[in-house]
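Chemist: Starting off with a structure, shown below.
A short reminder: the numbers here are calculations on the coordinates, not readings from a lab. Just so you know, these numbers come straight off a predicted model, no measurement behind them. Note: ideal-geometry Cβ built from the backbone for every residue, glycine included; neighbour counts use all protein chains shown.
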Amino acid sequence: MNKLFRYIGVLVLSATLLGGASLVASFIDDEVDELSSLVDSKWGQLTASEQNQVYRLVAEAKSVLEHSRGGGNNPGSCYNEAYKFLSSSAALELCANGGTIGTAQCYRDAYRSLSSSDSMRLCKNGGYEETAQCYTQAYRFLSSSDSMELCENRGRIETAQCYQSAYRKLSSSNSMRLCKSSGDLSRVECYDEAYRRMSSGDAMNLCSPN
């Protein structure tokens, strides 16, 4: 596994130093695709901690590369990436409504453990790479369906952390209501502060997304 991590580290450094040159950027892009295939083949051998490390490093490599090109943050870039492994209609469904390169990578990551339909549900509507990680984190303490409900609509790792924090003081249904739809720990802080001045129900209405 150390060889894999060194490979990713070199890729991140290369993207950082050379990503602005079109030929080099094209080479690095091919390397990212090769790396994604390598990660797929080794995924089952990684611990949960190593999986999170791979998520972070690959995301960093892609982010640096796309930033150097000035692209990646629009549905067109999402479609171009998604069409490498999805049909045209599926890529359109995935990338509509604010998709980015991260949305395509979210699907690719989620598809390691979810069906194509569940991966689509989790990542569409502008999901991030972190949205797939949100599901992985949440599935450690929630059912698959509850993890999906929590993390769809642009969930992040902190969305799973939000639920865990909220569940120390709220019911499971209220924790879900407070944290889903891209919630973070600031919503729990909002609830805690509001609950000092109003009822629990009013605090929920104030701090929940809906």
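Chemist: Taking the mean number of other Cβ atoms within 10 Å as a proxy for protection, how do you rank 169-180, 146-157 from highest to lowest?
Modeler: 146-157, 169-180
Chemist: Test of understanding: what is the full-extension gain from Ser113 to Thr47, defined as 0.36 nm times their sequence separation minus their Cα-Cα distance?
Modeler: 22.3 nm
Chemist: In nanometres, what is the gap between the two model label sites at Ser173 and Met198, each 7 Å from Cα along Cα-to-Cβ?
Modeler: Here the modelled spin labels are 2.1 nm apart.
Chemist: In percent, how large is the relative contact order of region 88-210, given Cα pairs closer than 8 Å and 6 or more residues apart?
Modeler: It comes to 18 percent, rounded to a whole number.
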